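Undergrad: Can you keep this structure in mind? I'll have questions shortly.
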Amino acid sequence: MIESILLGLSGMGAGVTYLFSQGGPNVIMLAIAAILLYLGVKKEVEPLLLVPIGFGCLLVNIPLSDLMEQGGLLKLLYDMGIANELFPLLIFVGIGAMIDFGPLLENPKLLLFGAAGQFGIFLTLLLALALGFPALEAVSIAVIGACDGPTAIYVASQYAPQLLAPISVAAYSYMALVPIIQPPIMRALTTPAERVIKMAAIKRSVSPTTKLLFPIVVTLVTGLLAPKGLPLMGTIMFGNFMRECGVVARLSKSAENEIANIVTLFLGLAIGGTMEGHAFLKPATLAIFGMGFVAICMDTVAGVLFGKLVCKLTGGKVNPLIGAAGISAFPMAARVVQVQGQLYDKKNHLLMHAAGANTGGQVGSVVAAAVMLSVLKGMGLI
Amino acid sequence: MDKWDFGFTMMIVGMGGTFVTLYVMTLIMELLKKVFPLAEKAANSDKSTS
């Protein structure tokens, strides 16, 4: 009887014993979970993601909880939607339903800013290869430069699942830090005269038919040129088509609200579940965070330099600051451009132009990932 | 394939492919705007109100 009681008590104390004997990495991750929760709750940094990720991280680092073992709650969520790439794609349906491509359609040339804003992806790929990462891991890390959480998760879960946790946390962290990372680069690369350039007001010139056909045409073009990326572009454009067609308002609202919210919750918890201390705390994690930072900086540099080129070519009609909005972080990057423009001239309204470039960045990041996957397929690497 | 061959191939084809794909899309968007101008819709709504 006493022996049974002692055995029972030892079972209760096993977690604490583990924590003090070999749970060092778990303790560090519990502290990181606390930081993520603090940032999400107190500082409101991407709270919709950091709160579930932080709590998932907390759960998985409590020793012997088995939440990420076969049959565990977090493992179930992971298998249900990340291992098979379902969650990021469902989120894309919601994003598509939220985005108004109107400002981009008013001035289609803004889409090219969305191409320039992807330069960081390819530079980071070279950096990752130089640091010794294998090809597919390097590609997955580079996609952090798309500044697009679902795309990064989609690619990493397929080709570098062992790096999914640091890649997804880095992608979302840097997206949240766009308002801090971008302004110094924008100021360093532009002259005071360039920053006060006023752009002509956008005239409303897009018909509902054009807005309705846009998602179909984009799906066809991307699907034909880069078929491996069709799940990404197809879902985002399906969401947008539901928004624009006007006859499935209930589905469109569900996609952008209920479905996006539920999937974000599950996705966040499952990503947090991959942050188990012994697996997460490696030199590679630090390298991935470093490369993610370089990627976002280089996206901004390339975008602003492209903006300066377009400014020259158009005889000063384009404010180079809008180049910084050619990334996928929507709508943060567009707001950063508006704020920076108004710092130097309160009457300068760049928001609509920046929003066009920003939605271009959204499309551009997906196209860049799709093109990369198709090139990998062409090379026989996937 | 050497890692640098791989890296630079991805960079050139990837960045080039992204630019070309998005450029094709801008042309198609311009075409859509020409084929389905806003004026057509506005004209129709003017007729229905008169």
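The values are calculated or read from the model by the stated rules, or taken from the named source; none is laboratory data. Values in this document were obtained by computation on a predicted structure and should not be read as measured data. Cβ sites come from the backbone with ideal geometry, for glycine too, and all protein chains shown count toward neighbours.
Undergrad: Does region A:80-114 hold any residues that are away from chain B (no Cβ under 14 Å) and over 19 Å from A:GLN158 (Cα atoms), and which are they? First the steps, then the outcome.
TA: In the first step, residues of region A:80-114 are kept if they are away from chain B (no Cβ under 14 Å); the result is A:80-100.
Matches in region A:80-114: A:VAL93, A:GLY94, A:ILE95, A:GLY96, A:ALA97, A:MET98, A:ILE99, A:ASP100.
Undergrad: Hey, can you tell me all the residues within region B:25-42 that are buried (at least 16 other Cβ atoms within 10 Å of the Cβ) and part of a helix (DSSP H, G or I)? First the steps, then the outcome.
TA: Of all residues in region B:25-42, those buried (at least 16 other Cβ atoms within 10 Å of the Cβ) come to B:25-26, B:28-29, B:32-33, B:36-38.
Within region B:25-42, B:MET25, B:THR26, B:ILE28, B:MET29, B:LEU32, B:LYS33, B:LEU38 meet the criteria.
Undergrad: Let me ask something else about it. With the requirement that a residue be farther than 25 Å from A:VAL155 by Cα and either within 14 Å of chain B (Cβ to nearest Cβ) or touching a His at 6+ places or on another chain (Cβ under 6 Å) (or both), what does region A:215-260 give you? Explain how you work it out, then say what you get.
TA: The first filter runs over region A:215-260 and keeps only residues farther than 25 Å from A:VAL155 by Cα, leaving A:242-254.
Listed by number, the residues that qualify are A:GLU244, A:GLY246.
Undergrad: Quick one: which residue in A:ILE35, A:ILE91 is in a helix (DSSP H, G or I) and under 30 Å from A:LYS228 (Cβ atoms)?
TA: Values: A:ILE35 fails: under 30 Å from A:LYS228 (Cβ atoms).
Step by step, each of A:ILE35, A:ILE91 is checked, and only A:ILE91 is in a helix (DSSP H, G or I) and under 30 Å from A:LYS228 (Cβ atoms).
Undergrad: Condition test on A:SER10, is it modelled with pLDDT under 85, outside any helix (DSSP H, G or I) and either surrounded by 15 or more Cβ atoms within 10 Å (Cβ to Cβ) or not aromatic (Phe, Trp, Tyr) (or both)? Break it down stepwise before answering.
TA: On the way: modelled with pLDDT under 85: yes; outside any helix (DSSP H, G or I): no; either surrounded by 15 or more Cβ atoms within 10 Å (Cβ to Cβ) or not aromatic (Phe, Trp, Tyr) (or both): yes.
Judged against the criteria, A:SER10 is not a match.
Undergrad: Now for a different question. Quick check: is even one residue across region A:69-92 in contact with a helix residue (DSSP H, G or I) (Cβ under 9 Å, 6 or more places away or on another chain), modelled with pLDDT of 95 or more, closer than 30 Å to A:LYS203 by Cα and in the same structural domain as A:GLY364 (by TED's automatic domain parsing)?
TA: Checked against the condition, which is being in contact with a helix residue (DSSP H, G or I) (Cβ under 9 Å, 6 or more places away or on another chain), modelled with pLDDT of 95 or more, closer than 30 Å to A:LYS203 by Cα and in the same structural domain as A:GLY364 (by TED's automatic domain parsing), region A:69-92 yields no hits at all.
Undergrad: Further question on the same structure: For region A:301-319, give me each residue that is surrounded by fewer than 24 Cβ atoms within 10 Å (Cβ to Cβ) and in a helix (DSSP H, G or I). Walk me through it before giving the result.
TA: So the first thing to find is which residues in region A:301-319 are surrounded by fewer than 24 Cβ atoms within 10 Å (Cβ to Cβ), and the list is A:301, A:305-306, A:308-317.
Across region A:301-319, the qualifying residues are A:VAL301, A:LEU305, A:PHE306, A:LYS308, A:LEU309, A:VAL310, A:CYS311, A:LYS312, A:LEU313.
Undergrad: Oh, and also: List pairs: first in region A:359-378 and closer than 17 Å to A:SER140 by Cβ and free of Cβ contacts under 8 Å to residues at least 40 places away in the same chain, second β-branched (Val, Ile, Thr) and surrounded by fewer than 24 Cβ atoms within 10 Å (Cβ to Cβ), Cβ under 7 Å, 6+ apart or cross-chain?
TA: Final answer for the pair search is A:VAL375/B:VAL13.
Undergrad: In this structure, does A:LEU126 turn out to be over 17 Å from the mean Cα position of the chain (by Cα), assigned to a helix (DSSP H, G or I) and over 17 Å from B:GLY16 (Cα atoms)? Working first, answer last.
TA: Numbers: over 17 Å from the mean Cα position of the chain (by Cα): yes; assigned to a helix (DSSP H, G or I): yes; over 17 Å from B:GLY16 (Cα atoms): no.
Considered against the rule, which asks whether it is over 17 Å from the mean Cα position of the chain (by Cα), assigned to a helix (DSSP H, G or I) and over 17 Å from B:GLY16 (Cα atoms), A:LEU126 comes out as no.
Undergrad: If you don't mind, another one. If A:GLY378 satisfies all but one of (1) closer than 29 Å to A:TYR159 by Cα; (2) crowded, with 21+ Cβ neighbours inside 10 Å, what's the number of the condition it fails?
TA: Only one criterion in (1) closer than 29 Å to A:TYR159 by Cα; (2) crowded, with 21+ Cβ neighbours inside 10 Å is unmet by A:GLY378, namely (2).
Undergrad: Quickly run through region A:13-54 and pick out the residues that are surrounded by fewer than 18 Cβ atoms within 10 Å (Cβ to Cβ) and closer than 27 Å to A:ALA329 by Cα.
TA: Of everything in region A:13-54, those that are surrounded by fewer than 18 Cβ atoms within 10 Å (Cβ to Cβ) and closer than 27 Å to A:ALA329 by Cα turn out to be A:ALA34, A:ILE35, A:TYR38, A:VAL41, A:LYS42, A:LYS43, A:GLU44, A:VAL45, A:PRO47, A:LEU48.
Undergrad: Here's something else I'd like to know. Are any residues in region A:181-210 closer than 30 Å to A:GLY290 by Cα and without any contact (Cβ under 8 Å) to a residue 12 or more places away in the chain, and if so, which ones?
TA: The answer is A:PRO184, A:ALA188, A:THR191.
Undergrad: Could you identify the single residue in A:ALA115, A:ALA152, A:ALA171 that is surrounded by 24 or more Cβ atoms within 10 Å (Cβ to Cβ) and either of a type in the set (Lys, Arg) or without any contact (Cβ under 8 Å) to a residue 40 or more places away in the chain (or both)?
TA: Working: A:ALA115 fails: either of a type in the set (Lys, Arg) or without any contact (Cβ under 8 Å) to a residue 40 or more places away in the chain (or both); A:ALA171 fails: either of a type in the set (Lys, Arg) or without any contact (Cβ under 8 Å) to a residue 40 or more places away in the chain (or both).
Checking each option against the conditions leaves just A:ALA152.
Undergrad: Within the group A:LEU125, A:LEU136, A:LEU131, which residue is crowded, with 24+ Cβ neighbours inside 10 Å, farther than 21 Å from A:LEU49 by Cβ, within 14 Å of chain B (Cβ to nearest Cβ) and not acidic (Asp, Glu)?
TA: On the way: A:LEU136 fails: crowded, with 24+ Cβ neighbours inside 10 Å; A:LEU131 fails: crowded, with 24+ Cβ neighbours inside 10 Å.
From the options A:LEU125, A:LEU136, A:LEU131, the qualifying one is A:LEU125.
Okay, residues lined up against (1) crowded, with 16+ Cβ neighbours inside 10 Å; (2) within 22 Å of A:GLY361 (Cα to Cα):
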| position | (1), (2) |
| --- | --- |
| A:LEU224 | no, yes |
| A:LYS228 | yes, yes |
| A:ILE262 | no, no |
| A:GLY273 | yes, no |
| A:GLU276 | yes, no |
| A:LYS282 | no, no |
| A:LEU286 | no, no |
| A:ASP299 | yes, yes |
